[in-house]
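Trainee: The structure's right below; bear with me while I get my questions together.
The values are calculated or read from the model by the stated rules, or taken from the named source; none is laboratory data. Please read all numbers here as calculations on a predicted model, not as lab measurements. With ideal geometry, Cβ positions are generated from the backbone for all residues, glycine too; neighbour counts draw on all protein chains shown. Note: areas computed on protein heavy atoms with side chains; ligands, DNA, RNA excluded. Shrake-Rupley method; radii C 1.70, N 1.55, O 1.52, S 1.80 Å.
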Amino acid sequence: MNHNAFTFQTLHPDTIMDALFELGIRVDSGLTPLNSYENRVYQLQDEERRRYVVKFYRPERWSAAQIQEEHDFALALVGDEVPVAAPLAFNNQTLLTHQGFYYAVFPSVGGRQFEADNLDQMEWVGRYLGRLHQTGKKAPFVHRPDIGVKEYLIEPRAIFEQAAIIPSALKDEFLRAVDQLTEAVIAQWHNRYTHLRLHGDCHAGNILWRDGPLFVDLDDARTGPAIQDLWMLLHGDKAEQRMQLEMIIEAYEEFCEFDTAEISLIEPLRAMRLVYYLAWIIRRWDDPAFPRNFPWLTGEDFWREQTSIFLGQVKILQEPPLQLTPTY
């Protein structure tokens, strides 16, 4: 693996400016970095005062075919009038290359942060997720992966076993917690759902508000169950989550049928995300941005806490899943 490319050490401001200049975009404002650990994303303004966002994809993460599927899905959603930030085409191409990097240019779209506590906004999001999934059902992803135990639990476990960052005195206990959590998830995981294209990472931070929701960042788009795009919007205690989920599903079903059997996958998906996210940080540790932004990973207290969190999630998985209010 070329670690210099993998960690963006060869991606300099001049490289970005040259790539944009080749497209006919003359940067007038400089490059303002936007919050993104996985890729490198910058906002800019050209000489005509048009605002753009340029996104350079982390090398060796997605193939060209996988990135193109992300773009094609975004464009299909826009075609179906689902509010999504979609890439711009240059010479009929949305996936661009420069000095070995894949990149894309998007219009810069302003907006406020989605208010997770605003039930009116949540209802709107539910409605548009129904529309998003209607588009998601029309065709499958061919190159992008499915959400499943192998990628989210088995492969991360192997990464943890080799990770030097986990204190040796705590590693065995931590790995036992991972194994218990994996066993608990496998006991409840099933594939008896409609496989469809998803946003994949639909949390409040990936929704802007502009007289309605605008979904951004399809970088984690995958195939999976519809509930994957709903559960991360839930917060609070079980009663609050039940109310939120009922509201989301009611709005969602204005456009797309929802299988309530998928509700039993919420806690398995939450557990898988906990494990996958931690392994993702370890995978990226050679990137200087990660030690700088996650310094607590080098402390023993963090790993004790993670062990406790994983074991706590095992107990949650053993409880009855969230139940909707019965209707008569």
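Trainee: With r defined as the distance between the Cβ atoms of ARG176 and LEU324 and R0 fixed at 30 Å, what FRET efficiency is calculated, to the nearest 0.05?
Mentor: Values: r = 35 Å, r/R0 = 1.16.
The formula returns an efficiency of 0.30 here.
Trainee: Separate question: If you stretched the chain out fully between LEU75 and GLU47, how much longer would it get, using 0.36 nm times the residue separation minus the C-alpha to C-alpha distance? Intermediate results must be reported in sequence, preceding the final value.
Mentor: Numbers: separation 28, 0.36 × 28 = 10.08 nm, distance 2.68 nm.
Fully extending the segment from LEU75 to GLU47 adds 7.4 nm.
Trainee: List the residues, sorted by chain then number, that are 5 or more residues from LEU196 or on another chain and whose placed amide H is less than 5 Å from its amide H.
Mentor: GLY224
Trainee: Accessible area per residue for the chain in Å², computed with a 1.4 Å probe and the full protein assembly in place, what is it? All intermediate terms of the calculation are to be shown ahead of the outcome.
Mentor: Values: 15870 Å² over 328 residues.
Ligands and nucleic acids excluded, the result is 48 Å² per residue.
Trainee: I want to check the label-to-label distance for GLU60 and ARG112. Put each point 7 Å from Cα in the C-beta direction and report it in nm to one decimal.
Mentor: My value for the distance between the label points is 4.4 nm.
Trainee: While we're on this one: With runs of 4+ DSSP H residues as the only contributors, calculate the mean residue ellipticity of the chain at 222 nm using -39,500 (n - 2.57) per run, divided by the residue total and rounded to the nearest 500.
Mentor: Details: 10 runs with 133 residues, N = 328.
Calculated from helices alone, the mean residue ellipticity at 222 nm is -13000 deg cm²/dmol.
Trainee: For GLU151, project a label point 7 Å along Cα to C-beta. Then give me every residue of segment 228-266 with its amide nitrogen under 15 Å of that point.
Mentor: Once the point is set 7 Å along Cα→Cβ of GLU151, 228-229 turn out to lie under 15 Å by backbone N, inside segment 228-266.
Trainee: Follow-up question, since we're still on this one. By how many nm would the segment from HIS203 to ASP28 grow when fully extended, if each residue of separation counts as 0.36 nm and the alpha-carbon distance is taken off?
Mentor: 59.7 nm
Trainee: Summarise the accessible area of the chain (1.4 Å probe, protein heavy atoms) by the percent that is carbon and sulfur. It would help to have the intermediate numbers written out before the result.
Mentor: On the way: 7740 of 15870 Å².
It is 49 percent, rounded to a whole number.
Trainee: Right, next: Measuring from a point 7 Å past the Cα of ALA169 along Cα-to-C-beta, which residues in segment 298-328 have an amide N at less than 20 Å?
Mentor: The answer is 298-309, whose backbone nitrogens lie closer than 20 Å to the label point.
Trainee: If you don't mind, another one. Quick one: if you stick a label point 7 Å off each Cα along the C-beta vector at GLU253 and ALA187, how many nm between them?
Mentor: A separation of 3.1 nm, rounded to one decimal place.
Trainee: In whole Å, how far is the Cα centre of segment 69-111 from that of segment 264-297?
Mentor: Segment 69-111 and segment 264-297 have Cα centres spaced 26 Å from each other.
Trainee: Using +1 at the Cβ of each Lys and Arg and -1 at the Cβ of each Asp and Glu in segment 200-247, identify which of GLN241, GLY224, CYS202 lies farthest towards the dipole's positive end.
Mentor: Comparing the listed Cα positions along the dipole, GLN241 ranks first.
Trainee: Within segment 29-71, which residues have the backbone N less than 15 Å from the label spot 7 Å out from THR15 along Cα→beta-carbon, could you tell me?
Mentor: Taking a point 7 Å out along Cα→Cβ of THR15, the residues of segment 29-71 whose backbone N falls under 15 Å are 39-42, 55-61.
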